[in-house]
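The values are calculated or read from the model by the stated rules, or taken from the named source; none is laboratory data. It should be emphasised that the depicted structure is a prediction, and the values quoted were computed from it without experimental measurement. Because the Cβ atoms are built from the backbone with ideal geometry, glycine has one as well, and the counts that use them run over all protein chains shown.
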Amino acid sequence: MKNTLIAGAAALAALFTGAASAQSITGAGATFPAPIYQKWFADYHAAHSGVQINYQAIGSGGGIKQLTDGTVDFGASDKPMSDTEVAAVKVKPLHFPTVLGGVVLTYNVPGVETGLQLSGDVVAGIFMGTIKKWNDPKIKADNKKANLPDKDIVVVRRSDSSGTSFVFTDYLSQVSPEWKSKVGAATAVQWPTGLGQKGSDGVAGMVKQTPNSIGYVELLFAAQNKMTFADLKNASGKYVKATFESVTAAAAASKGLDKDFRGSIVNAPGAKSYPLSTYTWLLIPSQIADAGKKKAITEFLKWMLTDGQKQAEGLSYAPLPAAVAKQVQAQIALIK
Amino acid sequence: MATHTAAARPIRKKRLIGGDELAKAFTLFFAVLILVVTGTLVYQLWITSSPAKEKFGFGFLASTLWNPVTDEYGALPFIYGTVLTAFLALVISVPLGVGAAIYLSELALPKVSNALTFLVELLAAVPSVIFGLLAIFTLVPAMRDYVQPALQKVFGFSPLFGGPIFGVGYLTAGIILAVMTFPFIISVSREALMAVPREQREAALALGATKWESTWQIVVPFARLGILGSVFLGLARALGETMAVTMVIGNDPAIHASLLSPGYTIAAVIANEFAEASGKMYPSALVELGLVLFALTMLINGLAQLMIVLTTKKGAAKG
């Protein structure tokens with residue numbers, strides 16, 4: 001009994017001293033890049049045992065909120081912070097793009113197994129509730145050969161607030177003036193129609209089991225779950241399948257990010273660009289008082305923008321265009 | 001007399017210090033703790049929701065807007081969904097639950113009754129997310145493919161059963177809530193029926209009543225307080241249920257006339273949106289919804305108490 005107690009105490013002591021000597025960093029935010037973030041943080045810890053980064057995938061809105069409240073060392077988001085959000089944080093946060101992703105429209109229409117083609121106008125109409133049936137002439141115009149049924153369209157969308165919803169509504173606001181004036185772009189909006197489901201898995205599950213339904217999920221999620229999704233018409237009038245190449249093409253062709261590395265790349269020009277593409281960001285405070293933490297975070301960022309980028313494709317993310325990665329590296333020096 | 005109390009006093013004092021006093025202090029502490037928890041809850045809800053209360057006032061209760069983009073919020077679609085689904089649940093589960101309780105306590109063989117009661121109590125212990133999964137994989141497809149088309153065919157003339165068919169919606173949520181509330185109704189009603197003294201039944205039978213007459217006219221009225229209690233317990237669960245409802249109600253913050261349409265409840269919207277609600281007004285509006293749910297539950301429970309008091313008086317006058 002006594003021996004086990006002593007052993008236990010020794011183990012506890014070892015645990016505490018171990019924790020004290022390691023640099024522990026906490027972050028929270030977007031769920032979409034969470035798989036690659038977890039891999040990065042684990043790999044980085046394996047190579048630099050002194051640094052332990054904990055990441056909680058609680059969603060983009062939650063990441064911004066916790067950063068603003070100062071409960072985490074860094075945040076992560078699929079939506080760049082607005083000027084008012086930036087102003088609300090005590091220490092100005094810096095945006096570090098990490099990888100690229102896409103949002104796809106997944107559907108379940110008996111008789112149309114693959115190859116559905118949609119234009120931005122039609123997608124906006126479906127999610128506005130103005131296009132109600134699958135055999136609507138507007139959908140038929142894009143899909144002359146498809147055998148579209150005379151059935152009500154079941155629209156499925158996110159019920160929780162989400163970076164994915166932001167990318168999707170941002171796109172709809174750019175392609176449809178009606179959407180922009182009536183609904184707008186945000187992580188959560190007042191949806192004119194549709195069934196709300198929590199999380200990408202909720203949307204995917206509802207679409208899979210409901211005939212004649214359509215919903216939006218992240219490209220990575222759709223690819224992993226082998227879901228069918230529609231080709232989208234881009235700004236140059238071409239129908240493009242969502243792939244990691246077409247997402248990267250959109251990033252390369254878009255007018256790019258502003259000097260703070262914020263900005264949207266939806267509806268990018270270029271024949272190969274997939275129109276529903278986005279960057280995702282780490283939000284790092286521009287001043288870090290703790291010298292140890294500052295050193296650990298800046299070194300991690302350097303690694304992430306160089307060696308870390310090579311892991312992206314293995315995990316089905318699109319890496320940053322080389323030019324962007326280089327520009328972002330210069331921003332590390334701004335962390336004081 | 002005087003000597004007697006003088007002798008008794010020291011002994012009593014000793015005993016109080018030794019055990020009773022301590023026990024009293026302890027239990028008082030626990031009782032006060034309940035008050036403190038409830039008080040803190042209300043205080044927190046009140047304080048955290050104050051930005052929304054200041055901005056929207058009582059209009060919050062009547063507005064159907066729920067727009068995080070323009071930061072305008074209203075509670076009406078959620079209140080409607082919460083009350084409607086709870087009502088549908090009770091409409092289904094009260095006859096089923098009370099009927100089953102009568103069978104279990106009065107008519108079934110003891111062996112059958114015990115086995116079934118065990119199963120019912122097991123059902124009451126199943127976590128709600130499991131009911132939600134059950135609903136998604138069995139109830140929703142069944143509703144979509146068979147029940148709702150049939151309802152629409154027969155009652156399609158009424159707006160209550162109009163509109164497109166989704167499988168999810170108010171009615172589906174009401175049914176899954178009924179499944180979740182009736183274990184409580186059966187269990188508590190059965191206890192109440194079993195507690196009716198044997199003499200009541202014997203007297204009725206001796207006067208020539210059939211078994212059913214004795215059950216329906218003597219035993220059930222005798223146990224009605226307990227049965228009402230079970231109904232309100234079920235109602236409380238239906239009003240506050242979160243997980244299973246959010247999985248099948250369709251989460252659409254609007255008021256639809258059709259029972260087949262998607263809707264939203266207060267508990268479901270808080271569960272869905274609170275974690276990622278950013279800014280000042282959005283979380284505050286969600287907390288105010290929590291306050292509304294709290295008030296709604298209090299109101300309904302108050303009405304229930306009132307109803308019990310009234311029916312008891314009537315019963316006493318009759319007796």
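Descriptive notes on the structure:
- Test: residue in region A:77-87 that is among the β-branched types (V, I, T) and more than 14 Å from every other protein chain (Cβ to nearest Cβ): no
- Meets criteria (without any contact (Cβ under 8 Å) to a residue 60 or more places away in the chain, farther than 30 Å from A:G129 by Cβ, surrounded by 21 or more Cβ atoms within 10 Å (Cβ to Cβ) and of a type in the set (A, V, I, L, M)) for B:A223: yes
- Here A:E299, A:E313 are screened, and the one residue that is acidic (D, E), more than 19 Å from A:D73 (Cα to Cα) and either surrounded by 15 or more Cβ atoms within 10 Å (Cβ to Cβ) or assigned by TED's automatic domain parsing to the domain that holds A:H48 (or both) is A:E313.
- Region A:245-280 - residue that is of a type in the set (A, V, I, L, M, F, W, C) and in contact with a Phe, Trp or Tyr (Cβ under 6 Å, 6 or more places away or on another chain) and, of those, farthest from A:G314 (Cα to Cα): A:V266
- Of all residue pairs spaced 6 or more apart or on separate chains, none has beta-carbon atoms under 7 Å together with a first member in region A:109-123 that is at positive phi and modelled with pLDDT of 95 or more and a second member that is surrounded by 21 or more Cβ atoms within 10 Å (Cβ to Cβ) and acidic (D, E).
- Number of the exception - B:P183 against (1) within 30 Å of A:I153 (Cα to Cα); (2) at pLDDT 90 or above: (1)
- Single residue of region A:78-101 satisfying the filter (among the polar types (S, T, N, Q) and not in a helix (DSSP H, G or I)) that is surrounded by the most Cβ atoms within 10 Å (Cβ to Cβ): A:T98
- Taken over region A:322-333, the criterion of being closer than 28 Å to A:A222 by Cα and crowded, with 18+ Cβ neighbours inside 10 Å is satisfied by A:V324 alone.
- Single residue of A:T31, A:T71 found to be surrounded by 20 or more Cβ atoms within 10 Å (Cβ to Cβ), assigned to a loop (DSSP other than H, G, I, E, B) and out of contact with any Ser or Thr (no Cβ under 7 Å at 6 or more places or on another chain): A:T31
- Considering each residue of region A:215-238 in turn, none proves to be at pLDDT 90 or above, at the interface with chain B (Cβ under 9 Å from one of its Cβ atoms) and part of a strand (DSSP E or B).
- Every test in (1) in a loop (DSSP other than H, G, I, E, B); (2) at pLDDT 90 or above; (3) charged (D, E, K, R) is passed by A:D258 save one, and that test is (2).
- Within region A:194-212, tally of residues that are touching a helix residue (DSSP H, G or I) at 6+ places or on another chain (Cβ under 6 Å) and either at the interface with chain B (Cβ under 8 Å from one of its Cβ atoms) or surrounded by fewer than 23 Cβ atoms within 10 Å (Cβ to Cβ) (or both): 2
- Within the set B:G156, B:G167, the sole residue that is over 18 Å from the mean Cα position of the chain (by Cα) and free of Cβ contacts under 8 Å to residues at least 12 places away in the same chain turns out to be B:G156.
- Scanning region B:129-151 for residues that are over 29 Å from the mean Cα position of the chain (by Cα) and either away from chain A (no Cβ under 14 Å) or touching a residue at least 40 places away in the same chain (Cβ under 8 Å) (or both) yields a single hit, B:A150.
- Each residue in region A:172-196 was checked for being among the small types (G, A, S) and more than 21 Å from the chain's Cα centre (by Cα), and 3 of them qualify.
- Selection status of B:V188, modelled with pLDDT of 90 or more, out of contact with any helix residue (DSSP H, G or I) (no Cβ under 6 Å at 6 or more places or on another chain), more than 14 Å from chain A (Cβ to nearest Cβ) and not in a loop (DSSP other than H, G, I, E, B): no
- Looking across region B:173-192, just one residue is within 9 Å of B:G97 (Cα to Cα), in contact with a Lys or Arg (Cβ under 7 Å, 6 or more places away or on another chain) and among the hydrophobic types (A, V, I, L, M, F, W, C), and that is B:F184.
- Residues that are surrounded by 22 or more Cβ atoms within 10 Å (Cβ to Cβ) and closer than 24 Å to A:G163 by Cα, drawn from region A:277-296: A:S277, A:T278, A:Y279, A:T280, A:W281, A:L282, A:L283, A:I284, A:P285
- Set B:A195, B:A209, B:A173, B:A203: member being within 14 Å of chain A (Cβ to nearest Cβ) and either farther than 30 Å from A:R157 by Cβ or at pLDDT 90 or above (or both): B:A173
- Considering each residue of region A:88-101 in turn, at least one proves to be within 14 Å of another protein chain (Cβ to nearest Cβ) and out of contact with any strand residue (DSSP E or B) (no Cβ under 8 Å at 6 or more places or on another chain).
- The single condition among (1) part of a loop (DSSP other than H, G, I, E, B); (2) crowded, with 19+ Cβ neighbours inside 10 Å; (3) at pLDDT 90 or above that B:A257 does not meet is (2).
- Every residue from region A:76-102 that is within 13 Å of the chain's Cα centre (by Cα) and not charged (D, E, K, R): A:A76, A:S77, A:P80, A:P97, A:T98, A:V99, A:L100, A:G101, A:G102
- Residue check for B:G174: under 17 Å from B:A238 (Cα atoms) and not aromatic (F, W, Y): yes
- Entirely in region B:33-135, the helices (runs of 4 or more DSSP H) that have 1 or more residues that are closer than 24 Å to B:I185 by Cβ, in the same structural domain as B:I175 (by TED's automatic domain parsing) and aromatic (F, W, Y): B:76-102, B:110-124, B:128-134
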